[in-house]
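Beneath this line is the structure, given in structure tokens, with notes to follow.
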Amino acid sequence: MADHAATHAVHDPNIGTTGLDHRKMGMWAFLGSDCMFFGSLIGTYLAYKGKSISGPSPRDVFDIPLTSYSAALLLASSLTMVLALAALQDDRVKVAARWLLATAAMGLHFVLNQVYEFWTFVHHHDLTLSTSLFGSSFFVLTGFHGAHVTGGVVWLLLLVGLAWGGRLDKRDHTKVEIAGLYWHFVDIVWIAIFTVIYLIP
Amino acid sequence: MATPAAFMPGAKAEVPTFWGVIASWLITVDHKRIGILYGSSAFIFFLIAGIEGLIMRLQLARPDNNIVSAQTFNELFTMHGTTMIFLAIMPMSAAFFNYMIPLLIGARDVAFPRLNALSYWIFLSGGLLLHASFLFNAVPDGGWFGYANLTSSQFSPSHSIDFWMLGLQILGISSMLAGFNFLVTIINMRAPGMTLMRMPVFVWMSFVTQFLIVLAFPAITVALILLMFDRFFGTLFYAPAAGGDPLLWQHLFWIFGHPEVYILILPAMGIVSEVLPTFARKPLFGAPVVIYSGIMIGFFGFGVWSHHMFSVGMGPVADAAFSIATMLIAVPTGVKIFNWLGTLWGGSIRFRTPLYFSLGFIAMFTMGGLSGIMHASPPVDLQQTDTYFVVAHFHYVLFGGSVFGLFSGAYYWWPKITGKMLDERLGTVHFWLMMIGFNVTFFPQHYLGLIGMPRRIYTYAGDLGWTFWNLVSTIGAFTVALSFLVFIGNVIKTARSGQVAGPDPWDGRTLEWSIPSPPPVYNFARVPEVRDRDDLWLQKYGDGHEGAPRPKPAPVTAAEIAAIYMPPTSFWPILLAIAMAVMISGLLISMYQVIVGGLVTLLFMYKFAVEYHRPAGGNRH
């Protein structure tokens, strides 16, 4: 038993005595913590909803069709993420890299949409960080979500780089799976933010 | 594994050079070394914060004193509180998490050794950034809980609050990274046979603490981000003129701040739960109940934050709810105290220094708990809040509780960590000086508070009736300081001529006493199989009531030791921590520094992530 455990550890130091992967468990712990992070930001937004004393109101500035398109992009990117993982598990590295790239591209499109949205708010609606409580809480909440997506895009692109460099194959599926966990989480958080900020009047 | 590791039999012992030793500590990923780094840094910060406390007591020793100005006094209590909580008690607990958790669960390291090193270096950079404020004469002065909107640019235009805010943010990152690491370590690295209910109670309390850390710190992270945006980028979160509500800060801060209280006390409770059974030579009385109580405390800890805010006027419903929840939390705490007393009851007690400190913990923490129940009641709290009564209360739980518990652990595990026994006589002197000094310092503060002395005043008039007890309190504070000089003397004496401890000096009950002191780098030559919470005790004295000792296992072979995999050292943790510190401190200097620091941080994160990723066509490391 002890011998077996020792040799096992040499083969993969990432697997613990429960048989689970340390890194995957660590990512779940991080996501639990990140729930509290976004929970606090969303709570702040809700606490200040309707409390602004100047500046444009949410109804005046939101472009719901554009944001819905962004939301659809992000939701669809979860599918390509799953396809990337499935392809890698089948050892189809090139296909996996393509799906990872597609995921990153949709994430990047989402972020660019957000940049455009912020730009129109600032230049067409005079809504900035310091205009009102709405401006402050809106930009900080959605901005931190956008930062999470951007971080995810960089992560996915680095994985694509590893794949193109011949350094990613079937044995690394856990690494892609963990990136996927993060990606799906960011996606789910967007569903909450989209609903709370844009859809609930 | 091409080159033989240094710990293997037959490996060449190189004579280490001075710089070689320094470098080996900078790039270490060994949980024991990181534990020592945490412990020694924390002790230095503890001394700094203690000196700040002494200066405050000198200033208050007599009325109308002018040793320090009002401004300096504000800086002193802010830095004293912030340093004690984030840079002394938390990292002292982290030192025990690092050093002891792998030993107690029969593991060879933590789940993420490099992340562990990264946590330490980020912690150190946060502490240094906070203390760099002294060099720039911009010492934080907004109190440890930095209430909005005193911290706004309007009322605190200098960089003082920036140092505090950024320092705390960095320390939070460090704590959360360590939290993820220890959660995974405790769940995933337990030796075969160690079910959750067979985990030593210190590990259990640490486990609950990690949950609190990873779930509570995001709230202060957000509170500090909002403050940072208010101060640097002109948002209005804490600006009443724009409709902003300063109470938002108070809620976010205390949603973190109350679980933080349990983050500070639960590890000490865990230590006491290890020390008492060892020195009473009995199993912990009702150990499962102690564990459940710890979980209850952690759970309820998230539902009581507003009892710090009774005086803001939240209305009767909120007051009643938070008051009841707060009183409820006294139940599991009280249960634990009875469990500890039950452990001592009928035991064959050996009075050694660790036991003295644990007994001190029980007595002092009970007193702090009782005054805590007093201000769980809103009407009573309105009388006591912002007075010295509250100062007395939280020093009874944090000093009388956490610090006594942590020093109990220090005396208990010192022989395991260094291989030498701390001197018993000096240890006893340390205990009694600290016990007497502590009570002389803080007990009169209950009375001072009740007769109306507010906290955080830098001086007072002579005709208020506060003079005598303030002088007594100051004398007590210097007695406490003397006790720590005795401790330092004890450490020096022990290092020079301490008695060699051997693997099991206390006739211990848990796995750490089954291996040499100090432990070899791989901890366990053979991963143990665990059958009970007090596994070593049962190995020595038999399973069940009349069993014989378990048969000795076969000796460990050189081949077994050669097969041990230990994570290699890495310089990326310290480089990454430096890059992050450069990026974050750039907010005080120049945006270019933030951008360059950010790009370097990203690069180093990538290097950190792929350090052991195989090259193209290679095999897994």
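Panel order for A:Arg171, B:Arg33, B:Arg190, by other beta carbons found within 10 Å of each beta carbon, from fewest to most: A:Arg171, B:Arg33, B:Arg190. Classify the protein assembly as shown as rounded, prolate or oblate from the Cα gyration tensor: take a ≥ b ≥ c as the square roots of its eigenvalues, call it rounded if a/c is under 1.5, otherwise prolate when a/b beats b/c and oblate if not. It is oblate, given that a/c is not under 1.5 and a/b is not larger than b/c. The long axis of helix B:201-233 is offset from the longest Cα principal axis of chain B by roughly 40 degrees.
At most 15 other Cβ atoms within 10 Å plus a DSSP loop assignment makes a site exposed; report the longest stretch of chain B without any exposed GluC sites (Glu not before Pro). Mind showing how you got there, number by number?
Numbers: sites that count: B:Glu14, B:Glu529, B:Glu546, B:Glu611.
Answer - B:15-528.
Give the Kirkwood hydrodynamic radius (Å, one decimal) of chain B, defined as one over the mean of 1/r across all pairs of different Cα atoms. Please report the intermediate quantities before stating the final value.
Values: mean 1/r = 0.0390 Å⁻¹.
About 25.6 Å, per the Kirkwood formula over Cα pairs.
For the range B:443-458, backbone phi angles converted through the Karplus equation (6.51, -1.76, 1.60; θ = phi - 60°) give residue-by-residue couplings of 4, x, 5, 4, 5, 4, x, 5, 8, x, 6, x, 7, 6, 7, 8 Hz, Gly and Pro being listed as x. Average projection, convex hull of the Cα set of the range B:235-369: 9.9 square nanometres.
Could you sort B:372-384, B:245-257 so that the peptide with the highest average Cβ count within 10 Å comes first and the rest follow in order?
Working: B:372-384: 17.5, B:245-257: 21.5.
Ranked by mean Cβ neighbours within 10 Å, highest first: B:245-257, B:372-384.
Sorting A:Lys94, B:Lys493 from the fewest to the most surrounding beta carbons within 10 angstrom yields A:Lys94, B:Lys493.
The mean count of C-beta atoms from other chains within 10 Å of the C-beta of residues in B:605-614, rounded to a whole number, is 3.
Could you tell me how many cubic angstrom of Cα convex hull volume the range B:453-580 has per residue? Write down the numbers at each step before the final one.
Working: hull volume 38.2 nm³, N = 128.
Taking the convex hull of the Cα positions in the range B:453-580, it is 298 Å³ per residue.
The lysines whose alpha-carbon is closer than 28 Å to the alpha-carbon of B:Lys416, local same-chain residues fewer than 8 away aside, are B:Lys12, B:Lys32, B:Lys282, B:Lys336, B:Lys493, B:Lys540, B:Lys552.
Taking the Cβ-Cβ separation of B:Met374 and B:Phe299 as r and a Förster radius of 30 Å, what is the calculated FRET efficiency to the nearest 0.05? Plugging the Cβ-Cβ distance into 1/(1 + (r/R0)^6) gives 0.80. In order along the range A:43-59, the Karplus-derived 3J(HN,Hα) couplings, from 6.51 cos²θ - 1.76 cosθ + 1.60 at θ = phi - 60°, round to x, 4, 4, 5, 4, 9, 5, x, 9, 5, 9, 7, x, x, 8, x, 4 Hz, and Gly and Pro are given as x. Please list, ordered by chain and number, the residues whose modelled amide H lies under 5 Å from the amide H of B:Gln499; skip anything fewer than 5 residues away on the same chain. Residues meeting the amide H criterion: B:Met421.
With r as the distance between the Cβ atoms of B:Phe136 and A:Ser54 and R0 = 56 Å, compute the FRET efficiency 1/(1 + (r/R0)^6) and round to 0.05. Rounded to the nearest 0.05, the efficiency is 0.95.
To the nearest whole number, what is the average tally of beta carbon atoms from other chains within 10 Å of the beta carbons of peptide B:212-218? Let's see the in-between values first.
Working: counts 0, 1, 6, 6, 2, 3, 10.
For peptide B:212-218, the averaged partner shielding equals 4.
Computed per residue of chain B from DSSP H runs no shorter than four, each worth -39500 (n - 2.57), the mean residue ellipticity at 222 nm is -21500 deg cm²/dmol.
Each residue in B:Asp423, A:Asp60, B:Asp463 was given a count of other beta-carbon atoms within 10 angstrom of its own, and listing them fewest first yields B:Asp463, A:Asp60, B:Asp423. Name the long-range amide H neighbours of B:Thr387: under 5 Å, sequence gap of 5 or more, or other chain; modelled H, no Pro or chain starts. Those qualifying (amide H under 5 Å, at least 5 residues apart or on another chain) are B:Arg455. The mean count of C-beta atoms from other chains within 10 Å of the C-beta of residues in B:178-186, rounded to a whole number, is 4.
Treating r as the C-beta distance of B:Leu47 and A:Cys35 and R0 as 45 Å, the FRET efficiency rounds to 0.70. Here the Kirkwood formula, the inverse mean of 1/r across different C-alpha pairs, assigns chain A a hydrodynamic radius of 18.7 Å. Note that the range B:411-428 has calculated 3J(HN,Hα) couplings of 5, 5, 9, 3, x, 5, 7, 9, x, 10, 7, 5, 5, 5, 5, 4, x, 5 Hz, one per residue in order, obtained from phi through the Karplus relation 6.51 cos²θ - 1.76 cosθ + 1.60 (θ = phi - 60°); glycine and proline are x.
Every number in this text was worked out from the coordinates using simple rules, so none of it is lab data. Treat the numbers as computed from the prediction; the structure is a model and nothing was measured. Because the Cβ atoms are built from the backbone with ideal geometry, glycine has one as well, and the counts that use them run over all protein chains shown.
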